[in-house]
Structure formats: C-alpha cells, structure tokens
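The values are calculated or read from the model by the stated rules, or taken from the named source; none is laboratory data. From a predicted model like this one, the values you see are computed outputs, not experimental measurements. Positions of Cβ are backbone-derived with ideal geometry, glycine not excepted, and every protein chain shown enters the neighbour counts. To get the accessible areas, we keep the full protein, side chains included, count just its heavy atoms, and leave off ligands, DNA and RNA. Shrake-Rupley method; radii C 1.70, N 1.55, O 1.52, S 1.80 Å.
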Amino acid sequence: MMILQNEICHIEIKVDETYTIGSADNHHYDVTLNPGHYGHNDFSKTLSIHINLGSREFQIALIGPFCFYDSDCAVLENDILTILQDNMITQIRITNASIIRNIMLDCFGCNFAIYKVKKGYIIYGEIEITMLDFNFEKQWSFSGKDIFASISGKEPFKILENSICLYDFEDNYYEIDFDGKQLI
C-alpha cells in the first residue's frame, strides 16, 4: 500500500486482488478507469485509489498491466496524481477523477517505481533505470550487467541528492548521476 498526501488531499493506493473486469461482484468504485482498454481475459491488475479531499471522498479503480507493485508507484503534485503500472503511466486529476494523460513506455523488463526529481521522473526498472522529462519523453536509460535486485540484502535502488545508487543481482555496484552518466 502507498499513502500520499498534500494540502489538497489524502490518498491511499493498493492493489485490489479481487477485481475482475466485467464482474458484478467487484467492490463498488465511484469511477473505473481502463485507459489500456483491458478486457475480461487480459492479463491485468487493478489499483484501488481512495481519495479524501476533505469535503468529499471517492474511490477509483485503475486497471493496468499485471506486473506492477503498489509501493512507490505514484507521485502526487498539487491536484495531479501520476501512477506507474509497469510500462503504463497514467496522470489523473484528483478533483474530478479524469485522465489527463496515459502513455505506454518503451522499455525492457518490469518497472517497479516512479520518483519525481528536479528534471522530471526517474523510473526504477528491473533491467533499466530511465529518466523521463516532465512531458514523459525518455531522456536516457541505464542498464547494468544483470537485473537491479540484490541477493545479498543490499538496497538495489536508492536516490541520493546528486546520484542514484544501484546493485544488480550479481552484487555489482553502480552509481549514476541525473544525466545518466556512470560515476562508479
């Protein structure tokens, strides 16, 4: 589960494990968004997004690709919620639950998390780290010798003030700057 809040709202995001597209038995949502046009038999997963604006509350079901995680999957900026579901990014205006933008990333492997940085967004992926500008245009990507996951218990991905620290599955260490250049 992920919790985000600012002066406008409080948001809780979690995977709805029971949601099935087209089922009458689904949990009630005020709004159901399916920007990828997933069907009943497609390999998909649904996020449950609870938005509390103070004066009103509502729930959104956001249907997306199957391979994503609900921790570090979103960024809240004013009244815009940017959500990463593997290779799909959806921006939602939280005041009226409308989709502002939906894009599909051209990337390798699964994507785990999205973070806002000074120049745009960093996407933490299984095989590559990607920098997107604020228009979601790819600026650069970085890959190591293996997937960015650690078997030694080290944190495989960490953003510092001036760099990104990475460990891959073979325990190789990388440090890159926000221009995608390898420092170590």
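Figures for the structure shown
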| read-out | value |
| --- | --- |
| Meets criteria (touching a residue at least 24 places away in the same chain (Cβ under 8 Å), in contact with a Leu (Cβ under 7 Å, 6 or more places away or on another chain) and among the aromatic types (Phe, Trp, Tyr)) for Tyr121 | yes |
| Of residues in segment 79-90 being out of contact with any Cys (no Cβ under 8 Å at 6 or more places or on another chain) and buried (at least 19 other Cβ atoms within 10 Å of the Cβ), the one farthest from Glu7 (Cα to Cα) | Met88 |
| Qualifying residue in segment 116-136 (condition: open to solvent by 50 Å² or more (accessible area, probe 1.4 Å), of a type in the set (Lys, Arg) and within 14 Å of the chain's Cα centre (by Cα)) | yes |
| In segment 153-164, residue most open to solvent (accessible area, probe 1.4 Å) [restricted to those that are assigned to a loop (DSSP other than H, G, I, E, B) and under 21 Å from Leu183 (Cβ atoms)] | Glu161 |
| Only listed residue being under 27 Å from Gly64 (Cβ atoms) and among the β-branched types (Val, Ile, Thr), chosen from Ile184, Ile103 | Ile103 |
| Number of the condition not met by Ile51 [criteria: (1) open to solvent by 70 Å² or more (accessible area, probe 1.4 Å); (2) touching a residue at least 12 places away in the same chain (Cβ under 8 Å); (3) over 20 Å from Met104 (Cα atoms); (4) part of a strand (DSSP E or B)] | (1) |
| Considering residues of segment 137-147 that are surrounded by 17 or more Cβ atoms within 10 Å (Cβ to Cβ) and not polar (S, T, N, Q) only, the residue nearest to Ile89 (Cα to Cα) | Phe142 |
| Failed criterion for Ser150 (all others in (1) outside any strand (DSSP E or B); (2) open to solvent by less than 60 Å² (accessible area, probe 1.4 Å); (3) out of contact with any Phe, Trp or Tyr (no Cβ under 6 Å at 6 or more places or on another chain); (4) without any contact (Cβ under 8 Å) to a residue 24 or more places away in the chain hold) | (3) |
| Residue check, Tyr173 under 19 Å from Gln85 (Cβ atoms), surrounded by fewer than 18 Cβ atoms within 10 Å (Cβ to Cβ) and not aliphatic (A, V, I, L, M) | no |
| Total residues in segment 91-111, condition among the hydrophobic types (A, V, I, L, M, F, W, C) and open to solvent by 50 Å² or more (accessible area, probe 1.4 Å) | 4 |
| Residue list for segment 1-37, restricted to those being over 22 Å from Asn102 (Cβ atoms) and part of a strand (DSSP E or B) | Ile3, Gln5, His10 |
| Flag for Asn52 being over 18 Å from the mean Cα position of the chain (by Cα) and at pLDDT below 95 | no |
